[in-house]
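Have a look at the structure below before the remarks.
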Amino acid sequence: MCKFAPLVGIAVALLAGTALAAPRAGTLHADFDGDGRPDAAQLVQHRDHVSVRVQRGGSRKPQVLTFPINAGVSGGLCAVPAVLKLERHDCNTEEGRLPGCRPSTTASDLRLAGGECDAIHMYWNHRQHRLAWWSR
């Protein structure tokens, strides 16, 4: 019974509209900006939107990207819970090269998915000095 207690808490928190932060163990660590230092990404879920909080190694201020739970808008997810995963860094899409993206064999990208909508892919934009995103 104890194994299911956290799931009940998550369901209640979602219905109440409160934020759900991934536990420290669920934080993703990788080099997102290609500077050789580990960065961290954490997913925070709400009933109507999700946020991805990225803390760059050596930086005090995190970058937070917010995505609505709304399939009808660009950058929207279809449902919660959403899943944040690491993916291989790639500057090329079916539409061409991503703006500000630099090829790297050591950097990683992020993939955010929720429901049946197209996933949101995040990469480091070196021109804008921040995480950028795209989806199909």
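Nothing in this text is a laboratory measurement; each read-out follows from the coordinates by a stated rule. The model shown is predicted, which means the values in this text are computed figures rather than measured ones. Because the Cβ atoms are built from the backbone with ideal geometry, glycine has one as well, and the counts that use them run over all protein chains shown.
Let me know the shape class of region 19-136, please: from the alpha-carbon gyration tensor, a ≥ b ≥ c as square roots of the eigenvalues, rounded when a/c is under 1.5, otherwise prolate if a/b is greater than b/c, or oblate. It comes out oblate by the Cα gyration axes. Relative to the current alpha-carbon distance between residue 37 and residue 79, full extension at 0.36 nm per residue lengthens the span by 11.8 nm. Using R0 = 30 Å, the C-beta based FRET efficiency linking residue 48 and residue 97 works out to 0.35. Of the peptides 43-53, 86-96, the ranking by mean beta-carbon count within 10 Å, highest at the top, reads 43-53, 86-96.
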